[in-house]
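The values are calculated or read from the model by the stated rules, or taken from the named source; none is laboratory data. Since we're looking at a predicted model, the values are computed, not measured. Cβ: placed from backbone, ideal geometry, glycine included. Neighbour counts: every protein chain shown.
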Amino acid sequence: MSTGQRALSGAAFAMLLLIALMMGANHVAARMAFNHGVDVATAVAFRSLATALVVSTLVWVYRVPLALSSRHKRFLPLIGLLIGVQSLCIYSSVARLPVALALLAFNTYPLWAALWDRLLYKRRPERAVLRAMPVILIGLALALDVLGATSGLGAAGQWGHIGVGVAFALSAAATFGLAMILTQHEAGDLDGRLRTASTLMITGLIALAVVLGQGGFHLPQAPPGWWGLAALTLLYGTAFTVMFTVLPKLGVAGNSAIMNVEPVFALVLAWLILGQSIAAVQVAGALLVVGTVMVLGLRKRA
């Protein structure tokens, strides 16, 4: 491994921020769609299958080798299943919580990844991760107003209000952390475009199965819902396409933690578009979580 991380060019830094903006906007668009009749499974099916089609086209255009080892064949379906569960859970959280708070709770995934790495592969967490854990949890507690001081509901009332949404966000973080660790150890040598196409296709099929199980698609009941569904599909697909075509050429390996500023973008966009707002102390907690996760991701590794 290298002793440090390659310095980012201005273009690479701007592209990372653009992807974070698109991903944050994707979740705001999803909430708009949910507010007008779309359900979670429908949204995940649309965005995942459309993006899988785009990334699969890239695999074909760039003639990516399709040879898979027996290990890849065993673990890719499991990784796809985990990402499918994660996608359904994070959108279920976005449907119930202010968008920024859902994404902040999801941003605990580095801690879950460290836990899974320890449990499955017996790798001890780095000291930086252990030091970051309490800081992230304190920031998350402030952002979620876990004691209900800001909302005036009290702890019991606040958890009655946010509990289900937080549970979905943490479930998304746990499954995403596990998917990351399995990808790193079992599929890290596979071309990212092929791995992503496979994962998103499985995710889309899982969502489609849920859609069929509930009697069909729940489509928008008003024009804003159609705009939201179209925007979330376009934003998600564009972000992933850029991630696997432009970013590798810009040399951003190891710097993708910058994209963890996504909840900040979501906070601003949700305020502007959806009228969602949170108290100043919650904003401070949000910035503490985002800042800590970014520092954790950008640290130099020996």
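Considering the stretch 134-147, and only residues there that are crowded, with 18+ Cβ neighbours inside 10 Å and among the aliphatic types (A, V, I, L, M), the residue that is farthest from SER87 (Cα to Cα) turns out to be LEU142.
When the residues of the stretch 89-125 are narrowed to those that are charged (D, E, K, R) and touching a residue at least 12 places away in the same chain (Cβ under 8 Å), which ends up nearest to SER277 (Cα to Cα)? That would be ARG96.
Quick grid of which residues meet (1) hydroxyl-bearing (Ser, Thr, Tyr); (2) within 22 Å of THR238 (Cα to Cα); (3) touching a Ser or Thr at 6+ places or on another chain (Cβ under 8 Å); (4) at pLDDT 95 or above:
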{"residue": "SER9", "(1), (2), (3), (4)": "yes, yes, no, no"}
{"residue": "ALA20", "(1), (2), (3), (4)": "no, yes, no, no"}
{"residue": "MET23", "(1), (2), (3), (4)": "no, yes, no, no"}
{"residue": "ALA29", "(1), (2), (3), (4)": "no, yes, no, yes"}
{"residue": "MET32", "(1), (2), (3), (4)": "no, yes, no, yes"}
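Within the stretch 35-76, restricting attention to residues that are buried (at least 17 other Cβ atoms within 10 Å of the Cβ) and of a type in the set (D, E, K, R), the residue that is farthest from PRO220 (Cα to Cα) is ARG47.
Taken over the stretch 148-165, the criterion of being part of a helix (DSSP H, G or I) and either crowded, with 22+ Cβ neighbours inside 10 Å or hydroxyl-bearing (Ser, Thr, Tyr) (or both) is satisfied by ILE162 alone. There is no residue in the stretch 171-188 that is free of Cβ contacts under 8 Å to residues at least 12 places away in the same chain, surrounded by 15 or more Cβ atoms within 10 Å (Cβ to Cβ) and of a type outside the set (A, V, I, L, M, F, W, C).
Which residue, of LEU170, LEU137, LEU111, is modelled with pLDDT of 95 or more, under 20 Å from LEU288 (Cα atoms), part of a helix (DSSP H, G or I) and among the hydrophobic types (A, V, I, L, M, F, W, C)?
Working: LEU137 fails: modelled with pLDDT of 95 or more; LEU111 fails: modelled with pLDDT of 95 or more.
Exactly one residue qualifies, and that residue is LEU170.
Counting only helices (runs of 4 or more DSSP H) that fall entirely inside the stretch 203-302 and contain at least 1 residues that are at pLDDT 90 or above and closer than 20 Å to HIS27 by Cβ, the qualifying elements are 223-245, 262-269, 280-298. Do the conditions hold for THR196, that is, is it in contact (Cβ under 8 Å) with a residue 40 or more places away in the chain, in a loop (DSSP other than H, G, I, E, B) and of a type outside the set (A, V, I, L, M, F, W, C)? Criteria not met by THR196. Which of the residues belonging to the stretch 62-72 are over 14 Å from THR199 (Cβ atoms) and in a helix (DSSP H, G or I)? Correct list: SER70, ARG71.
Residue pairs whose Cβ atoms lie under 8 Å apart, sitting 6 or more positions apart in sequence or on different chains, and linking a residue in the stretch 127-138 that is without any contact (Cβ under 8 Å) to a residue 60 or more places away in the chain to a partner that is part of a helix (DSSP H, G or I), are MET133/LEU111.
Whether a residue is under 30 Å from PHE217 (Cβ atoms) and without any contact (Cβ under 8 Å) to a residue 12 or more places away in the chain was assessed, and GLY152 does not pass this test. Just so you know, in the stretch 193-207 the residues that are in contact with a Phe, Trp or Tyr (Cβ under 9 Å, 6 or more places away or on another chain) and either within 17 Å of LEU82 (Cβ to Cβ) or of a type in the set (Phe, Trp, Tyr) (or both) include one that is surrounded by the most Cβ atoms within 10 Å (Cβ to Cβ), and it is LEU200. From the list ALA67, ALA30, the lone residue that is free of Cβ contacts under 8 Å to residues at least 24 places away in the same chain and not aromatic (Phe, Trp, Tyr) is ALA67.
Screening SER2 on (1) more than 15 Å from the chain's Cα centre (by Cα); (2) modelled with pLDDT under 90; (3) assigned to a helix (DSSP H, G or I) shows it passes everything except condition (3).
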